[in-house]
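Here is the structure we will look at, set down as structure tokens.
The values are calculated or read from the model by the stated rules, or taken from the named source; none is laboratory data. Keep in mind the model is a prediction, meaning the values are calculated, not measured. Here the Cβ positions follow ideal geometry from the backbone for every residue, glycine too, while neighbour counts run over all protein chains shown. Keep in mind that these areas ignore ligands, DNA and RNA; they rest on the heavy atoms of the full protein, side chains included. Shrake-Rupley method; radii C 1.70, N 1.55, O 1.52, S 1.80 Å.
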Amino acid sequence: MTAGPVTAAVATAPVVDGIPFARAGREELQQRVRQLLADGDVDGARVALLADADDWWGEAPPPPEQLAWVVHAATLREAMDLLGMGRVGDYFAHRWSDPTYLAGLALLGRHWPAGRPVVEVACGVGHYLRELHRRGCTDLLGIDVVWAKLWLARRFVCPEAAYLCADVTAGGLPTVDGDRYVFCHDAFYFLRDKPAAAAALHALAGPGGTVVVGHAHVADPSGAPLTASGYAEVLGTGLLYDDAELTRALLEHRAPQPAPAPVLEASEAVALVAGDPLGPAPVDLGEPVGPLRPNPLYVDGELRWPSERYAAEYGPRSGYLPSRWPDPLPADAARRRLLLDLPEAW
């Protein structure tokens with residue numbers, strides 16, 4: 001990552017497994033990790049960081065002995081089970097075929113980084129970073145407040161990216177040398193201080209950079225959403241998309257159509273592009289790279305959601321996935337995510 005000078009918060013952050021822990025408001029944990037590292041206890045430092053969660057998560061962490069075993073997990077799913085990620089683990093395990101992920105691909109495909117360094121804020125376990133890397137992007141940085149998610153991304157999903165555990169609304173991020181492409185998907189509505197978050201995204205992008213915010217909920221009781229016009233105002237842009245339109249566009253192999261903010265007030269979620277809009281990708285992100293595997297949501301030929309919660313959230317918008325495995329497979333099986341490009345250690 002060709003970042004400019006880092007702030008003191010990043011430069012002095014403890015680093016475990018190559019991931020700096022510079023999260024604001026966790027000074028006591030940072031000091032504890034520094035001491036464990038000074039004592040030569042890297043395993044203890046890792047366990048301490050794996051136990052940390054975001055402020056929306058209300059469940060207690062697994063016992064330390066369970067967290068210590070995460071390094072022995074053979075797959076992403078096994079590691080997430082050991083971390084006690086529950087519904088979030090279901091989301092990450094099956095994100096490759098959910099409608100919000102397809103919407104993000106359509107957004108990236110319409111507004112492509114075009115060789116610019118990419119910073120993904122709230123990157124989770126690195127789904128989009130992996131996609132960007134496999135499409136030729138090489139300068140990638142993932143930022144998230146949860147160190148465990150970054151550890152999973154580096155270990156199982158996209159080891160080629162750099163990672164930083166930090167809070168964009170609290171400052172302390174790397175300064176910018178040149179213009180960047182800053183991407184934040186399915187997370188902006190959770191950030192309580194949206195003006196501070198928007199300012200941080202623009203600062204990361206630089207004066208000529210691009211800020212892309214995907215799947216910002218207009219109505220969601222579990223987050224802190226704004227109206228479509230509210231998002232447009234805080235991010236300083238009039239270029240918006242309906243999230244469902246993005247999903248349809250990817251499935252229909254066409255360019256998504258933007259719409260004015262007032263038209264999108266009834267949308268479930270919107271996407272926004274601020275700064276340099278750039279142009280479309282030179283490749284079709286609707287077609288997975290491969291090698292392809294059958295979507296693991298199909299068990300014994302039937303579509304089975306991992307939980308009732310998942311089914312309620314994604315099922316109604318996943319009509320491109322038939323209830324039974326088709327025989328023969330349709331020509332657009334990969335575009336419809338019947339076939340997936342999953343990490344080797346999925």
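Residues in region 61-105 that are more than 19 Å from G126 (Cα to Cα), touching a residue at least 12 places away in the same chain (Cβ under 8 Å) and open to solvent by 40 Å² or more (accessible area, probe 1.4 Å): P61, P64, Q66, A68, W69.
Against the conditions (1) surrounded by fewer than 21 Cβ atoms within 10 Å (Cβ to Cβ); (2) at pLDDT below 95; (3) outside any loop (DSSP other than H, G, I, E, B), A200 satisfies every one except (1).
In this structure, P330 qualifies as part of a loop (DSSP other than H, G, I, E, B), more than 28 Å from P159 (Cβ to Cβ) and open to solvent by 20 Å² or more (accessible area, probe 1.4 Å). S323 satisfies every condition listed in (1) among the polar types (S, T, N, Q); (2) surrounded by 13 or more Cβ atoms within 10 Å (Cβ to Cβ); (3) more than 20 Å from H185 (Cα to Cα) except (2).
Hey, among D144, D167, D139, which residue is of a type in the set (D, E, K, R), open to solvent by 10 Å² or more (accessible area, probe 1.4 Å) and over 25 Å from P61 (Cβ atoms)? It would help to see each step written out before you state the result.
Working: D144 fails: over 25 Å from P61 (Cβ atoms); D167 fails: over 25 Å from P61 (Cβ atoms).
From the options D144, D167, D139, the qualifying one is D139.
Of the helices (runs of 4 or more DSSP H) that lie entirely inside region 1-86, those containing 2 or more residues that are modelled with pLDDT of 95 or more span 27-38, 42-50, 64-68, 76-82. Has region 302-315 got any residue that is touching a residue at least 24 places away in the same chain (Cβ under 8 Å) and basic (K, R)? The answer is yes, given that some residue of region 302-315 is touching a residue at least 24 places away in the same chain (Cβ under 8 Å) and basic (K, R).
Before we move on, is E313 of a type in the set (D, E) and surrounded by fewer than 17 Cβ atoms within 10 Å (Cβ to Cβ)?
Numbers: of a type in the set (D, E): yes; surrounded by fewer than 17 Cβ atoms within 10 Å (Cβ to Cβ): no.
Criteria not met by E313.
C137 meets each of the listed conditions (1) in contact with a strand residue (DSSP E or B) (Cβ under 6 Å, 6 or more places away or on another chain); (2) farther than 29 Å from V270 by Cα apart from (2).
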